Amino acid sequence: MEKIGKYEVVRKLGEGATSSVYLARDPFADREVAIKRVNAGTFNESGGNVMRRLFLNEASLAGKLVHPHIVEIYDAVADDDEAYLVMEYVEGGTLQRFTRPDNLLALGDVVEIAYKCVRALDFASQKGLIHRDIKPANILVKDNNDIKITDFGAAAMLLGQSTVVDGIGTPAYMSPEQHLNKPLNHQTDIYALGVVMFQLVTGRFPFQAGNIAALAHQVLNEDAPLPSEFRRDVPTGIDMVLRRAIHRDPAIRYQSWKQFGDDLAAIAAGGAPLPKQGMMETERFNLLRSLAFFRAFSDVELWEVLRAGEWVTVPKGETIMKEGTPGGFFCILATGEARVSRKLRMISLLKPGECFGEMAYLGAPGKLRTADVIAASELRMIRIPCDALERMTELTRLNFDRAFLRVLVERLTLANSKLAGV
């Protein structure tokens, strides 16, 4: 096969009972894509109506779920002769390979992955969607902890609609509500993600049985064990988060994705640092989310900022910006304080959430710095090159422009107040 529609096939990536996945080239957008092509005759076989419905559900999401941790669907074709989805290509495998006891991730990386999944599934939930089939095989991973959730075929259902146990969901990850064929909400995905996290931490399922009936009995009647019973280095925080995430009673389980995410962020930020291999972005994301400067930014835009910027720790007394030098970047202070001075005269003291150096972006090209900025204490900040901001999406740039305008108005108001008081 050389082509699927307009797309030039590079090679086959995998094959299942109902579909095959190909790596292809989009000649118009000049990018690599993954194409999931339904095998011929699938819709005409036993259960074909269910497969068609799931395919059309996923196809209907093309262009709608745009999030840095959800695989984007670019295009869909559902003709009588051919049916396929064109998706973002993510190089790397799934989380499945990290569920073996001999190949477990560091605990910090598990928390990082779970936090990103929480934010992505919260985004989908706000769109009125629940995934209903969260499992390691549906979470792509690259560079240890950069993830993308895929396979939303079962998700294009209104919240509260009941499901068919034999048709949708994977039994080991199914919530008690799914086993009972009750109406579902976002808590069914919270439960499934809890099971995934338990498996990544321990290399086993919280409930194990020889058949689906015995498994369902455990899920509906027994308390899940603590991960620390199977892995000694698991801290109490992870035990408590997973005990709540996979509780059989929805009233005790996390009520919202925010609760789940906040507890994961607390684990990442508090106590002894968890061992990890990849970069811990959870704490940084949560810290930026708390700053007034970014209050209008969505999760999608905030992840873009985090990826484009450089996270910097500056010791007390070090000069960050020097008067009279060219500026090609600006900064947002995350923790600590910075002193702004001109001609050795202090102008202001910057607090967390304030920006400085923004005239390098707002002013004329090559404009020189008009003040010194020195760390008044050890501080952490995000440093963003002006050319990186120029490459960001239009909505992110618009939010920066609004934030900068708000900052300039606040500074002008403060200056006028000081003049009035003289």
Answer residue from segment 116-142, given it is touching a Gly at 6+ places or on another chain (Cβ under 7 Å) and over 21 Å from residue 267 (Cβ atoms) and is surrounded by the fewest Cβ atoms within 10 Å (Cβ to Cβ) among those:
142
All but one of (1) more than 24 Å from residue 296 (Cβ to Cβ); (2) not in a strand (DSSP E or B) hold for residue 408; state the number of the condition that does not hold.
(1)
Output the residue which, of all residues in segment 175-223 that are in contact with a Phe, Trp or Tyr (Cβ under 6 Å, 6 or more places away or on another chain) and outside any helix (DSSP H, G or I), is surrounded by the most Cβ atoms within 10 Å (Cβ to Cβ).
175
How many residues, within segment 23-44, are over 25 Å from the mean Cα position of the chain (by Cα), under 21 Å from residue 62 (Cβ atoms) and not small (Gly, Ala, Ser)?
10
Looking at 85, 61, can you tell me which residue is in a loop (DSSP other than H, G, I, E, B), out of contact with any His (no Cβ under 7 Å at 6 or more places or on another chain) and surrounded by 20 or more Cβ atoms within 10 Å (Cβ to Cβ)?
61
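Please go through segment 357-378 and give me each residue that is buried (at least 16 other Cβ atoms within 10 Å of the Cβ), touching a Phe, Trp or Tyr at 6+ places or on another chain (Cβ under 7 Å) and closer than 20 Å to residue 405 by Cβ, ordered by number. Walk me through how you get there before you give the answer.
First pass over segment 357-378, keeping only residues buried (at least 16 other Cβ atoms within 10 Å of the Cβ): 357-361, 369, 371-376.
Restricting the remaining residues to those that are touching a Phe, Trp or Tyr at 6+ places or on another chain (Cβ under 7 Å) gives 357-358, 360-361, 373.
Listed by number, the residues that qualify are 357, 358, 360, 361.
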Tell me the strands (runs of 3 or more DSSP E) entirely within segment 337-398 that contain at least 3 residues that are of a type outside the set (Phe, Trp, Tyr) and in contact (Cβ under 8 Å) with a residue 60 or more places away in the chain.
379-385
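Restricting attention to segment 76-113, and to residues there that are acidic (Asp, Glu) and modelled with pLDDT under 90, which single residue is nearest to the chain's Cα centre (by Cα)?
Initially, segment 76-113 is screened for residues acidic (Asp, Glu), giving 79-82, 88, 91, 102, 109, 112.
From what's left, modelled with pLDDT under 90: 79-82, 91.
Values: 79: 33, 80: 36, 81: 36, 82: 33, 91: 17 Å.
Taking the candidates together, the pick is 91.
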Filtering segment 100-115 down to residues that are assigned to a loop (DSSP other than H, G, I, E, B) and either surrounded by 19 or more Cβ atoms within 10 Å (Cβ to Cβ) or not assigned by TED's automatic domain parsing to the domain that holds residue 276 (or both) yields 105
Breaking point among (1) free of Cβ contacts under 8 Å to residues at least 60 places away in the same chain; (2) surrounded by 15 or more Cβ atoms within 10 Å (Cβ to Cβ), for residue 325
(2)
Any residue at all in segment 30-53 that's under 30 Å from residue 201 (Cα atoms), touching a Lys or Arg at 6+ places or on another chain (Cβ under 7 Å) and either in a strand (DSSP E or B) or assigned by TED's automatic domain parsing to the domain that holds residue 114 (or both)?
no
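Just checking, which of 45, 58 is modelled with pLDDT under 85 and farther than 21 Å from residue 148 by Cα? Don't jump to the end; show me each part of the working.
Values: 58 fails: farther than 21 Å from residue 148 by Cα.
Exactly one of 45, 58 is modelled with pLDDT under 85 and farther than 21 Å from residue 148 by Cα, namely 45.
The values are calculated or read from the model by the stated rules, or taken from the named source; none is laboratory data. Not measured: the values here are computed from a predicted model. For neighbour counting, all protein chains shown are included, and Cβ atoms are generated from backbone atoms with ideal geometry for every residue, glycine included.
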